[in-house]
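One structure below.
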Amino acid sequence: MKYDIKDIKLAEKGNKRIVWAEKEMPVLRQIKERFAKQKPLKGQKISCCLHVTTETANLAITLKAGGADVYLCASNPLSTQDDTAASLVKHHNIPVFAIKGEDNKTYYSHINEVLNIKPNMTMDDGADLVTTILLKRKELLKGIIGGTEETTTGVIRLRAMANEGVLAYPVIAVNDALTKHFFDNRYGTGQSTIDGIVRATNILLAGKTLVVAGYGWCGRGFAMRAKGMGAHVIVTEIDHLKAIEAAMDGYEVMPMKEAVKKGDIFVTLTGNLNVIDKQHFTAMKSGAIVCNSGHFNDEINLKTLKQMSKSVKTVRDFVEEYTLKNNKKICVLGEGRLINLAAAEGHPASVMDMSFANQALSAEYMLKNHKKLGKQVYVIPESMDKEIARLKLNAMGIKIDTLTAEQKKYLNSWQSGT
């Protein structure tokens, strides 16, 4: 079996961590048990470009239990857990092409390795598989029935492809499922981003002024957690409605050009380009800490920052100190990549349970329904979303009310008034 990982000797440690994560993933476990019996993905070849973590490992194991041939590469050069990759290869015979810290050339060679199987389906986290296929591997299109996408950033890219008429097969926007972005983006990103910053720096957040760029679901979750840790939170936004929401949630809202004068720590969560740029670096306090928890490292203009600097040195693991020509110092965490995966372990397993349940069921749904779908981005069916929520509540031991026949009739009628 062909694979490319750091060290197969790390497999035992990785296996223990995969098993530990699985304990917190009861919904995915129930799906795996059904998949193992029914084999709904039998004969399918699935190329996956995802963060290679213990949670993703359990998704890959579930897909394989369903009968699929699964090939996995990393969706970010710094997000791979090398012991997890080793365990997938050794204990589960799943080919993995991922090494933490791999360079850009290796990253794209790994993407091409998982595409070399001529997949029937793609499973993306940022749309790099789809983009590579459309730009360089169009010969693969004839065999692909559909795909899935995990992230906000990836869904934005895919919808841009669809609007331009170049998306060549249907893709399910897993990120748009309520049981994904309400929980994964808000609670997962909120906690894991805090975790990454603290692990990288060991700083006290209480009393610090923390600037959150973007008040989408990830930004909401992180701002909530930062406030809970005692930070003074400032939100920057380009969307009027989200800015109102941030203000009513109790945060200061202002443009980045003003926030940079006040902030001690800056976190970008927008999915956009150069959210922190030259003029912002120029106005920051010396010692400011800058990091990103959006998908790509383009949110911080590191190229320009390097040009502005007379020296760059690593002062801690995952902390690079840029000394500007006027001797001001700015610290960048995790090379501007996802700090929650670069310096920490990503989202807790219990929240990824719902996200990856969506992924597994979406693969099954795509196989059953692809002939009826166009070359567009699709939202997960509401019934699937509700079923995942039901299974999660059941696993948590939580019961809820049900409507009586009288209540159902009332809600479905229009004659009853005040």
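The values are calculated or read from the model by the stated rules, or taken from the named source; none is laboratory data. Since we're looking at a predicted model, the values are computed, not measured. Quick reminder, even Gly has a Cβ in these numbers, built from the backbone with ideal geometry, and neighbours come from all protein chains shown. Surface areas here come from the heavy atoms of the whole protein model, side chains and all, with no ligands, DNA or RNA. Shrake-Rupley method; radii C 1.70, N 1.55, O 1.52, S 1.80 Å.
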> Relative to the present Cα-Cα distance, how much length would full extension add between K310 and N116 at 0.36 nm per residue of separation?
Replying inline: 65.5 nm
> Out of the DSSP beta bridges found with both residues in the chain, what percent are antiparallel (nearest 5)?
Replying inline: 20
> Which value, in Å to one decimal place, does the Kirkwood hydrodynamic radius take for segment 226-376 when every pair of different Cα atoms is included?
Replying inline: 17.7
> Rg/Rh for segment 314-397: what does it come to with C-alpha atoms and Rh from Kirkwood?
Replying inline: 1.25
> Who wins for biggest fluctuation among K42, K399, K368 in a Gaussian network model of the chain, springs between alpha carbons below 10 Å?
Replying inline: K399
>> Could you compute how much accessible surface R17 exposes when probed at 1.4 Å, giving the result in Å² to the nearest 10?
In response: 60
>> 7 Å from Cα along Cα→Cβ at both L411 and M1: what's the point-to-point distance in nm?
In response: 4.6
>> I want to verify the translational diffusion coefficient of the chain in µm²/s; compute it with Stokes-Einstein, Rh as the Kirkwood radius over Cα pairs, at 4 °C and 1.567 mPa s.
In response: 58
> Once label points are set 7 Å from the Cα along Cα→Cβ at both H240 and Y108, what is their separation, rounded to one decimal in nm?
Replying inline: 4.1
> Per the 1.4 Å probe, what fraction of the accessible area of the chain, in percent, lies on carbon and sulfur atoms?
Replying inline: 52
>> 5 Å is the cut-off here: which amide hydrogens, built 1.01 Å from N in the peptide plane, fall below it relative to I172, excluding neighbours closer than 5 in sequence?
In response: G147, T148, E149, Y378
>> Rolling a 1.4 angstrom probe over the protein chains, ignoring ligands and nucleic acids, what is the accessible area of K285 in square angstrom, nearest 10?
In response: 80
> Expressed as a whole number of Å, what is the distance separating the alpha-carbon centroids of segment 188-205 and segment 1-70?
Replying inline: 27
> In sequence order, what are the phi-derived ³J(HN,Hα) couplings for segment 302-309 according to the Karplus relation 6.51 cos²θ - 1.76 cosθ + 1.60 with θ = phi - 60°, rounded to whole Hz, with x for glycine and proline?
Replying inline: 6, 4, 5, 4, 5, 5, 7, 9
> For the chain, what's the relative contact order in percent, using C-alpha pairs closer than 8 Å and at least 6 residues apart?
Replying inline: 17
>> Cut-off under 19 Å on the C-alpha distance; same-chain residues fewer than 8 positions from K329 excluded. Which lysines are left, in chain and number order?
In response: K208, K257, K261, K262, K278, K285, K303, K306, K310, K313
> In terms of Cα to Cα distance under 20 Å, which aspartates and glutamates are near enough to K105, apart from those fewer than 8 places away along the same chain?
Replying inline: D4, D7, D82, E113, D124, D125, D128, D298, E335
> Counting each DSSP H run of 4 or more residues in the chain as -39500 (n - 2.57), what helix-only mean residue ellipticity at 222 nm follows after dividing by all residues, to the nearest 500 deg cm²/dmol?
Replying inline: -13000 deg cm²/dmol
> For all pairs of alpha-carbon atoms in segment 11-75, what percent lies in each bin of width 5 Å, listed from the first bin to the last filled one?
Replying inline: 4, 19, 25, 24, 21, 7, 0
>> Can you give me the C-alpha center-to-center distance between segment 206-239 and segment 398-415, rounded to a whole angstrom?
In response: 39
>> Which residue fluctuates most in the GNM of the chain (Cα springs below 10 Å): I234, I94, I244?
In response: I244
> Cα convex hull of segment 1-140: how many Å³ per residue?
Replying inline: 98
>> Students often get this wrong, so check it: of K138/K180; K64/K371; K90/K368; K45/K371, which have C-alpha atoms separated by over 26 Å?
In response: K138/K180; K90/K368
>> Test of understanding: extend the Cα→C-beta vector of K16 to 7 Å, then name every residue of segment 85-99 with backbone N under 15 Å from that spot.
In response: 87
> How many angstrom separate the Cα center of segment 336-378 from the Cα center of segment 287-326?
Replying inline: 30
> Accessible area per residue of the chain at 1.4 Å probe, in Å²?
Replying inline: 46
